[in-house]
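*Asks:* Quick one: this structure, given as structure tokens, is what I'll be asking you about.
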Amino acid sequence: MLRYSSNDQLIINPGTIGQPFYRWGKFGSDLRAQYAILEIDETGIAEVRFKKVFYDVENELKRAIIHKLPYFDLYREMLETGKTHTHDIELLQKLNDRHNYTDEIHNFFEKNYW
């Protein structure tokens, strides 16, 4: 995405790996990693190019398992299909309860920040 804000600020958002957002289904099926290249000259931004590159999803999932990434099943689904559940409060609550994620985060903050 490239747009200007109401304060005339340039907003560039190349997207998220495995989580494309396009209103047109054809574009949303391309799950490659996307990034932006800014060419800046003496007057400011001269050019913005969006690029997509392949990345090894299976390797990423192996790393997630090794590092015990919470919500792994949702992460795998997102990387493989582009579908997310970030606003599915009922599903997230079930996962939090099943895996004790709420206790885990409380313990993390008590141990590291209080």
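The values are calculated or read from the model by the stated rules, or taken from the named source; none is laboratory data. Remember, it's a predicted structure, so these values are computed and weren't measured experimentally. All Cβ positions, glycine included, derive from the backbone under ideal geometry; neighbour counts span all protein chains shown.
*Asks:* Give the residue, chosen from 90, 60, 39, 77, that is modelled with pLDDT of 95 or more and either part of a loop (DSSP other than H, G, I, E, B) or acidic (Asp, Glu) (or both).
*Replies:* On the way: 60 fails: modelled with pLDDT of 95 or more; 39 fails: modelled with pLDDT of 95 or more; 77 fails: modelled with pLDDT of 95 or more.
It is 90.
*Asks:* Just checking, which of 72, 108 is out of contact with any His (no Cβ under 6 Å at 6 or more places or on another chain) and either of a type in the set (Gly, Ala, Ser) or at pLDDT below 90 (or both)?
*Replies:* Selected residue: 108, the only one of 72, 108 that is out of contact with any His (no Cβ under 6 Å at 6 or more places or on another chain) and either of a type in the set (Gly, Ala, Ser) or at pLDDT below 90 (or both).
*Asks:* Further question: Inside the range 63-114, can you point out the residues that are of a type in the set (Val, Ile, Thr) and under 30 Å from residue 29 (Cβ atoms)?
*Replies:* 65, 66, 81, 84, 86, 89
*Asks:* Out of (1) over 21 Å from the mean Cα position of the chain (by Cα); (2) surrounded by 11 or more Cβ atoms within 10 Å (Cβ to Cβ); (3) not basic (Lys, Arg), what's the single condition that is false for residue 85?
*Replies:* (1)
*Asks:* Also: What about residue 51, is it at negative phi, of a type in the set (D, E, K, R) and out of contact with any helix residue (DSSP H, G or I) (no Cβ under 9 Å at 6 or more places or on another chain)? So that I can check it myself, show each step before the final result.
*Replies:* Working: at negative phi: yes; of a type in the set (D, E, K, R): yes; out of contact with any helix residue (DSSP H, G or I) (no Cβ under 9 Å at 6 or more places or on another chain): yes.
Criteria met by residue 51.
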